[in-house]
Amino acid sequence: MMLDESTPECDACPLDRRGFLGQAFFAILAASGMSSVTATAALALEGSEATYSIPARDGVEIDKKGEVILVRDKGVVYAFALSCPHQKQSLRWKEAQGRFECPKHRSKYQPNGSFIAGRATRAMDRHPIRREGDIVRVDLTLKVRRDEEPERWESEQVRVG
Ligand code: FES
């Protein structure tokens, strides 16, 4: 059946055309193993701690309010500070390149936060993270720097898959 602009909305249909296309897009991403970037919000934001649902698949979630980037990459979940370690610009996920990039001076980072190139001189800062059932708890008061605490930086991750 051809669907054109004159096709009336169906009250019985659970999705309009935009919703259907959106779901189809994410289904294709999931099937291809590609990651996606979505906006997210903490389930709870209690003072120094934010809780998030464990992402169901690999991808990038950005919580602007909490200033946290939640990444699931190859079954491992990380919580990063949203700001670039160079001059605090908000980092962005570059879907086509599969990496983070700073819009200010173009520093580049791997999905696990490792530094690739640019003016920044260290990896993305990680927040302490721990799993509790189907959620992860993220300590917002602390940013672990790889150049200062490399072993702790490596350990701030949760394997979920
Ligand atoms: S602020 Fe990000 S590289 Fe300078």
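Taken together, the values in this text are just the output of simple stated rules run on the coordinates, not laboratory data. What you see is a predicted model; the values in this text were computed from it and never measured. In this analysis, Cβ positions are derived from the backbone assuming ideal geometry, glycine residues included, and neighbour counts consider all displayed protein chains.
Of all residues in the range 91-124, those that are within 20 Å of residue 142 (Cα to Cα) and within 9 Å of the ligand (Cβ to nearest atom) total 2. Among the residues making up the range 104-122, those that are surrounded by 19 or more Cβ atoms within 10 Å (Cβ to Cβ) and within 16 Å of the chain's Cα centre (by Cα) are 109, 111, 113. Listed conditions (1) over 23 Å from residue 155 (Cα atoms); (2) not in a loop (DSSP other than H, G, I, E, B) are all met by residue 60, apart from (1).
Residue by residue, here is whether (1) farther than 18 Å from residue 157 by Cα; (2) touching a strand residue (DSSP E or B) at 6+ places or on another chain (Cβ under 6 Å) holds:
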site: 65; (1), (2): yes, no
site: 78; (1), (2): no, yes
site: 91; (1), (2): yes, yes
site: 100; (1), (2): no, yes
site: 104; (1), (2): yes, no
site: 111; (1), (2): no, yes
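With a requirement of 2 or more residues that are within 20 Å of residue 67 (Cα to Cα), the strands (runs of 3 or more DSSP E) lying completely within the range 99-161 that satisfy it span 99-101, 129-132, 135-139.
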